[in-house]
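Q: Structure below; questions to follow.
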Amino acid sequence: MTLFLLARRLVLVVLPVVLTVTLMPFYASAAEGRVYVISPEDGATVSSPFVVRFGLREWGIAPAGVDHPKTGHHHLLIQRGRNADVPLPPADEPIAYDDNHRHFGGGQTETTMNLQPGFYALRLVLGDANHYPIESMHSHIIRIRVTE
Ligand SMILES: [Cu+2]
């Protein structure tokens, strides 16, 4: 077999198998749903007012109070500070309702924020009809800087 044929076989046969096996966990997790912040990007510098866009894969949005499989509404958790943590809310009670835990029970997929200048950490958490956090349906923490 020539080197060319060997190389061609590698590309046509081996590579697709390796890629499929490597990427399978990502497809599997996507099928289970994923919550993420579309914008701003992690590490972004913004000035108020700015828009936060909520991302959701596989699952759907339903307003608070509407109980339908594989749906929920977004909650934006906000903590101030350069290295602030944004802990996940307790699983056995409704998500708190205050300035650090904002509910989008109308089914909103974005919001306009007015924050004082400073560093903030944000995290999205999908909640069910009764505002309980849905297991594993939350975003990573993203960090932003708000300037004047
Ligand atoms: Cu809620």
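Q: So in region 101-114, with the set limited to residues that are farther than 18 Å from Ile134 by Cα and surrounded by 12 or more Cβ atoms within 10 Å (Cβ to Cβ), which one is nearest to the ligand (Cβ to nearest atom)?
A: Restricting to residues being farther than 18 Å from Ile134 by Cα and surrounded by 12 or more Cβ atoms within 10 Å (Cβ to Cβ), the top hit is Thr111.
Q: What number of residues in region 127-143 are under 16 Å from Gln79 (Cβ atoms) and outside any strand (DSSP E or B)?
A: Adding up the residues that qualify gives 3.
Q: Oh, and also: Six or more apart or on different chains, Cβ atoms under 6 Å: show the pairs whose first residue is in region 55-73 and on the phi < 0 side of the Ramachandran plot and whose second is more than 14 Å from the ligand (Cβ to nearest atom) and not in a loop (DSSP other than H, G, I, E, B).
A: From residues that are on the phi < 0 side of the Ramachandran plot, the pairs are Gly55/Tyr36; Gly55/Ile38; Arg57/Ala30; Arg57/Arg34; Thr71/Gly60.
Q: Of all residues being in contact (Cβ under 8 Å) with a residue 12 or more places away in the chain and of a type in the set (A, V, I, L, M) in region 85-117, which is nearest to Pro40 (Cα to Cα)? Just the residue, please.
A: Met113
Q: Residues that are under 30 Å from Pro117 (Cα atoms) and either within 15 Å of the ligand (Cβ to nearest atom) or not assigned by TED's automatic domain parsing to the domain that holds Ser136 (or both), at least 1 per element: which strands (runs of 3 or more DSSP E) completely within region 29-71 meet that?
A: On the way: elements: 34-39, 45-47, 50-57.
Where strands (runs of 3 or more DSSP E) fall fully within region 29-71 and carry at least 1 residues being under 30 Å from Pro117 (Cα atoms) and either within 15 Å of the ligand (Cβ to nearest atom) or not assigned by TED's automatic domain parsing to the domain that holds Ser136 (or both), they are 34-39, 50-57.
Q: Go through region 89-100 and report how many residues are within 12 Å of His75 (Cα to Cα) and within 14 Å of the ligand (Cβ to nearest atom).
A: First, pick out the residues of region 89-100 that are within 12 Å of His75 (Cα to Cα): 89, 94-100.
From the residues that got through so far, the ones that are within 14 Å of the ligand (Cβ to nearest atom) too are 89, 94-98, 100.
Count: 7.
The values are calculated or read from the model by the stated rules, or taken from the named source; none is laboratory data. The shown structure was predicted, so the numbers you read here are calculated from the model rather than taken from an experiment. Glycine gets a Cβ as well: all are built from the backbone with ideal geometry, and neighbour counts include every protein chain shown.
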